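Here is the structure we will look at, set down as structure tokens.
The values are calculated or read from the model by the stated rules, or taken from the named source; none is laboratory data. Bear in mind the structure is a predicted one, so any value in this text is a computation, not a measurement. Quick reminder, even Gly has a Cβ in these numbers, built from the backbone with ideal geometry, and neighbours come from all protein chains shown.
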Amino acid sequence: MNLQNSQDYYGKVLTGSADLQTDACCTAEAPPPAVMAAMRNVHEDVRARYYGCGLVAPQAIEGCHILDLGSGSGQDAYILAQMVGENGSVTGVDATPEQLAVARQHEEWHRERFGYARSNVRFLEGDIEKLGDLDLAEGSFDVIVSNCVINLVADKRAVFEAAFRMLKDGGELYFSDVYSERRVPEHLLNDPVLHGECLSGALYWGDFIALAKAAGFADPRLVTSRPLGIENAEVAEKLDKIAFHSATYRLFKLPDLDSQCEDYGQAVRYKGTVVGEERAFLLDGHHRIEAGRMFPICGNSWKMLADTRFAPHFEFFGDFSTHYGVFPDCGIAVPFGADGIASDMANTACC
Ligand SMILES: C[S@@+](CC[C@H](N)C(=O)[O-])C[C@H]1O[C@@H](n2cnc3c(N)ncnc32)[C@H](O)[C@@H]1O
């Protein structure tokens, strides 16, 4: 399925979230209070055309420069614009003129609402498979986000490779998308509704992990995951019981990560200083790091904290001088259980 289908679906077929035929492009997680507050400052026209499938709210982003791949009508961009503050910025890229028009139309309204002297948001028209065609400097973004977009893209490898190039060292791709428990048969990809609803283009999670690693993201971390309920009987029948999850991953651009979690006898202590996560810092679904407590950690997780914007929020104990073998039960990357059963992180509620 080509880009034209996405442009038609999001520009002409859908006029708002209520037109969606499944819950694939809807967000189930209750946002944290700071995100809820920021959402109340987003124009209703922008919110009405939100089609994200997860919560794209990475922590500690004040002053960060953010790239939003497939920014749509701009809801995430305008939320993040408040969280990065006036010294940070958000660049949204989308290929659908109608979505971009909504996002751009309200730029000045948001600047005033946020009380900023200058807008810190811009929206560019472009294909995220060809990010190199846009005037964006490589290595210039602290964080790249994306919400329910990469499944729609034909050349997913190109997107992951470009995201890796666009990130600064220590930066991360923090994104929500739809994944399938098995490879979706080719013929379903040509169904404009299944594709537009973010289902038939979804990556099989195993292929996603391989693609992410090949692009340079050595240790993908799963933050949250929930099964999708396909209530539309016609859609469900076409999909022939393939299970889908919406999942949020974080992929750090860090050189020299081990290919799996290795134990060097290290530990960290969280200072409780990240706004909104004062009691515990959530690195991923497997690492909820309570403030004040010694927390044994693998070498990769150590680097995700020590060599990123999170470093000032932690004390670090140990080094890489002694290797004690594999760190047991560490970074998990799979949104489905080993036999395709939903993982226990799943939240079955939906919008
Ligand atoms: C499901 S919507 C999500 C939009 C937005 N992230 C949100 O949360 O509301 C998918 C968006 O991806 C955009 N899109 C799809 N393929 C694209 C591509 N190759 N390049 C840029 N944008 C693309 C569509 O135009 C649409 O706005």
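Numerical summary
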item	result
Single unsatisfied condition, Ala48 versus (1) within 21 Å of Leu167 (Cα to Cα); (2) without any contact (Cβ under 8 Å) to a residue 60 or more places away in the chain; (3) touching a Ser or Thr at 6+ places or on another chain (Cβ under 9 Å); (4) not basic (Lys, Arg)	(1)
Residue count, the range 125-145 (criterion: touching a helix residue (DSSP H, G or I) at 6+ places or on another chain (Cβ under 8 Å) and over 20 Å from Asp169 (Cβ atoms))	6
Residue list for the range 320-336, filter: in a loop (DSSP other than H, G, I, E, B) and either under 21 Å from the mean Cα position of the chain (by Cα) or modelled with pLDDT of 95 or more (or both)	Phe320, Ser321, Thr322, His323, Tyr324, Gly325, Cys330, Gly331, Ile332, Ala333, Val334, Pro335
Any chance Tyr264 is closer than 25 Å to Pro32 by Cβ and either modelled with pLDDT of 95 or more or not polar (S, T, N, Q) (or both)	no
Residue that is farthest from Tyr249 (Cα to Cα) [pool: residues in the range 272-312 that are touching a His at 6+ places or on another chain (Cβ under 7 Å) and in a loop (DSSP other than H, G, I, E, B)]	Thr273
Qualifying residue in the range 253-264 (condition: surrounded by fewer than 19 Cβ atoms within 10 Å (Cβ to Cβ) and of a type in the set (Lys, Arg))	no
Members of the range 143-163 that are more than 9 Å from the ligand (Cβ to nearest atom) and farther than 21 Å from Glu62 by Cα	Lys156, Arg157, Ala158, Phe160, Glu161, Ala162
Any chance Ile79 is touching a Leu at 6+ places or on another chain (Cβ under 6 Å), farther than 13 Å from Ser176 by Cβ and modelled with pLDDT of 95 or more	no
Count of residues meeting criterion [farther than 13 Å from Ala34 by Cβ, of a type outside the set (D, E, K, R) and away from the ligand (no atom under 13 Å from the Cβ)] in the range 71-91	4
Subset of the range 282-310 (residues that are touching an Asp or Glu at 6+ places or on another chain (Cβ under 7 Å) and at pLDDT below 95)	none
Subset of the range 265-299 [basic (Lys, Arg) and either crowded, with 16+ Cβ neighbours inside 10 Å or assigned by TED's automatic domain parsing to the domain that holds Ala215 (or both)]	Arg269
Residue tally, condition closer than 17 Å to Asp207 by Cβ and acidic (Asp, Glu), over the range 139-164	2
Residues of the range 210-245 that turn out to be of a type outside the set (Gly, Ala, Ser), surrounded by fewer than 17 Cβ atoms within 10 Å (Cβ to Cβ) and touching a residue at least 60 places away in the same chain (Cβ under 8 Å), as a count	2
